[in-house]
Amino acid sequence: MQERPTRERSPDDRLSALVPRLRRICGDDGVLTDPSRRRTYESDGLTYHAEVPGVVALPTTAEQVAEVVGLCAAEGVPFVPRGAGTGLSAGALPRADGVLVTTSRMRRIVEVDPDNECAVVQPGVANLDITRAAAPYGYYYAPDPSSQQVCSVGGNIAENSGGAHCLKYGFTVNHVLGLQIATPQGELVRLGGKAPEAPGYDLIGAFIGSEGTLGIATEATVRLVRSPQKVTTLLAAFAGMDAGGQAVSSVIAEGVLPAAVEMMDALSIEAAEAAVACDYPEGAGAVLIVELDGPAADVDADAAAVRRLCERAGAFEIREASGAAERARIWKGRKSAFAAVGRISPAYIVQDGVVPRTALGEVLGDIARLSAESGIRVANVFHAGDGNLHPLVLFDDAEPGAGERAAEVSGAILDLCIRHGGSITGEHGVGVDKACSMPRMFAPQDLEAMDRFRRAFDPAGVANPEKLLPTPRLCGEVPGVRRDVHPLVAQGRAEQF
């Protein structure tokens, strides 16, 4: 008698079978299956890409994270890590056939250790909360993404986030001493610790910026920096971007190393004023924010040099913050710029290309020409000190074809960055949004080496698949908001909202 072949379970069947087991791990309130609740997690901060997750798991301990991941690995179900959801590359874009593992409930600061100048934190801790906890000891945590009040340490680690002060202090990778991670097989492993350096291969450096493709961070030991003796923040207003760019070049050429050098153009200033009334100088075509910190004598000398060089470049007004409150007002416009653009545009795509500082003027001119030729407005906000551009490509998503035209302009901006010796991302990561741009920057052999490294950690390919590296399926699709019925909806396997 011939045996009937066993029917392979569908993705829906595999997910359904996982739900009771996930509930045993995370509790009933730690597993979301209701479509309306799952939809809350359909995208990160880049809402241009969206997908409702099949199941959402909300673990509260490292052991629970490891069990969830191990269960997914055993059943061949893909999982996607997510922190606070503030990412801007669709790195936490869920999968309809997978489990979204959200660490937002793991918000405990385990230890602040001023003697070893470090802190131990869970991945759901907000970036700024580390500084708040360390401040009584005279320390702070240096990486400061604009979303630092809400973005989480786990997400910062996944994307190797930077921030305004990365010019002087570096990125997340420069401030992580140790990690506990859940591997794609569900094992808990410790890398490094409180010591300044760990022997052997730099696995911490490899993990940071891997965007969840090598596992999930469940705890981090981060470096704390001594609070500076003095901080001075200057705001310089210029008639246009060229003059502001010249000021930046002059400051760096003078040998001054500010903690931060930020620039905004007229369109981004308009958005910030509409959103938070930041009261930047009227008529400014560009504003430059320069922050200096360190010993008081050094800060005073550098501030005088910055004033002189900005005036020489054509600044028509220079303000100096008189204290913490005024410093916060100056930064408020810059820190709120991305969200503020929503006041002047129904939708936008934020890019994250990098160019050498010497190419800033030429690239900004090329972006202006792209904008004029396409009729797509572009607002420019960027870390001027290290050439990290954040062009905001504005469009109306209710207008047919507008999203596609904006995506073309966005891609052309990345091409400009590569052509001038830069990169397609500085701190937002690759995710889904830039995965198809990776071959523009790397040769096939480079991408193959990256893929081999990734599969050494995750042979089954279940850890945040189709992120970071290009895949034929992903890059064969046209990006954008889906207008027609999704195939899964037509098959009755998913709901479309």
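What the table below lists for this structure:
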{"read-out": "Enumeration of residues in region 157-197 that are among the aliphatic types (A, V, I, L, M), closer than 26 Å to PRO459 by Cα and without any contact (Cβ under 8 Å) to a residue 40 or more places away in the chain", "value": "VAL173, ILE181, VAL189, LEU191"}
{"read-out": "Filter result for the condition that a residue is buried (at least 23 other Cβ atoms within 10 Å of the Cβ) and assigned to a loop (DSSP other than H, G, I, E, B), over PRO81, PRO94", "value": "PRO94"}
{"read-out": "Yes/no for LEU15 being open to solvent by less than 30 Å² (accessible area, probe 1.4 Å), assigned to a helix (DSSP H, G or I) and under 27 Å from PRO470 (Cβ atoms)", "value": "yes"}
{"read-out": "Tabulated pairs, region 216-240, first touching a residue at least 60 places away in the same chain (Cβ under 8 Å) and open to solvent by 50 Å² or more (accessible area, probe 1.4 Å), second among the aliphatic types (A, V, I, L, M) and part of a strand (DSSP E or B), C-beta under 6 angstrom, 6+ apart or interchain", "value": "ARG223/LEU177"}
{"read-out": "Filter result (open to solvent by less than 30 Å² (accessible area, probe 1.4 Å) and not aliphatic (A, V, I, L, M)) within region 275-284", "value": "CYS278, TYR280, PRO281"}
{"read-out": "Residue list for region 275-326, filter: of a type in the set (Asp, Glu) and at negative phi", "value": "GLU282, GLU291, ASP293, ASP298, ASP300, ASP302, GLU311, GLU317, GLU320, GLU326"}
{"read-out": "Matching residues, region 413-422, being crowded, with 18+ Cβ neighbours inside 10 Å and either part of a helix (DSSP H, G or I) or charged (D, E, K, R) (or both)", "value": "ILE413, LEU414, LEU416, CYS417"}
{"read-out": "Yes/no for GLY124 being in contact with a Lys or Arg (Cβ under 9 Å, 6 or more places away or on another chain), among the small types (Gly, Ala, Ser) and not in a loop (DSSP other than H, G, I, E, B)", "value": "no"}
{"read-out": "Count - residues of region 97-116 that are touching a residue at least 60 places away in the same chain (Cβ under 8 Å), assigned to a loop (DSSP other than H, G, I, E, B) and either acidic (Asp, Glu) or surrounded by fewer than 18 Cβ atoms within 10 Å (Cβ to Cβ) (or both)", "value": "2"}
{"read-out": "PRO184, sole failed condition from (1) closer than 25 Å to PRO228 by Cβ; (2) of a type outside the set (Phe, Trp, Tyr); (3) open to solvent by less than 10 Å² (accessible area, probe 1.4 Å)", "value": "(1)"}
{"read-out": "GLU270 vs. criteria out of contact with any Cys (no Cβ under 6 Å at 6 or more places or on another chain), farther than 17 Å from GLY314 by Cβ and open to solvent by 50 Å² or more (accessible area, probe 1.4 Å)", "value": "yes"}
{"read-out": "Count of region 18-37 residues which are in contact (Cβ under 8 Å) with a residue 60 or more places away in the chain and crowded, with 18+ Cβ neighbours inside 10 Å", "value": "3"}
{"read-out": "Selection count where residues are part of a strand (DSSP E or B) and surrounded by fewer than 16 Cβ atoms within 10 Å (Cβ to Cβ), scope region 383-396", "value": "0"}
{"read-out": "Subset tally (residues that are touching a Phe, Trp or Tyr at 6+ places or on another chain (Cβ under 7 Å) and assigned to a loop (DSSP other than H, G, I, E, B)) for region 431-468", "value": "1"}
{"read-out": "Test: residue in region 440-459 that is open to solvent by 40 Å² or more (accessible area, probe 1.4 Å), under 18 Å from ASP366 (Cβ atoms), more than 22 Å from the chain's Cα centre (by Cα) and not aromatic (Phe, Trp, Tyr)", "value": "no"}
{"read-out": "Test for ALA66: is it in contact with a His (Cβ under 7 Å, 6 or more places away or on another chain) and buried (at least 19 other Cβ atoms within 10 Å of the Cβ)", "value": "no"}
{"read-out": "Residue match in region 117-139 (condition: in contact (Cβ under 8 Å) with a residue 12 or more places away in the chain, among the hydroxyl-bearing types (Ser, Thr, Tyr), open to solvent by less than 50 Å² (accessible area, probe 1.4 Å) and under 18 Å from GLY45 (Cα atoms))", "value": "no"}
{"read-out": "From the options GLU399, GLU427, residue that is in a loop (DSSP other than H, G, I, E, B), among the charged types (D, E, K, R), open to solvent by 10 Å² or more (accessible area, probe 1.4 Å) and under 27 Å from PHE207 (Cα atoms)", "value": "GLU427"}
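For every residue, the table says whether it meets (1) in contact with a Gly (Cβ under 9 Å, 6 or more places away or on another chain); (2) not charged (D, E, K, R).
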site: GLU159; (1), (2): yes, no
site: LEU167; (1), (2): yes, yes
site: VAL173; (1), (2): yes, yes
site: GLN180; (1), (2): no, yes
site: THR183; (1), (2): yes, yes
site: ARG190; (1), (2): yes, no
site: GLY193; (1), (2): yes, yes
site: GLU197; (1), (2): no, no
site: GLY200; (1), (2): no, yes
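The values are calculated or read from the model by the stated rules, or taken from the named source; none is laboratory data. Quick caveat, the model's predicted, so the values are computed rather than measured. Every residue, glycine among them, receives a Cβ derived from its backbone with ideal geometry; neighbour counts consider all protein chains shown. For the accessible areas, the whole protein counts, side chains as well, though only heavy atoms, and no ligand, DNA or RNA atoms are used. Shrake-Rupley method; radii C 1.70, N 1.55, O 1.52, S 1.80 Å.
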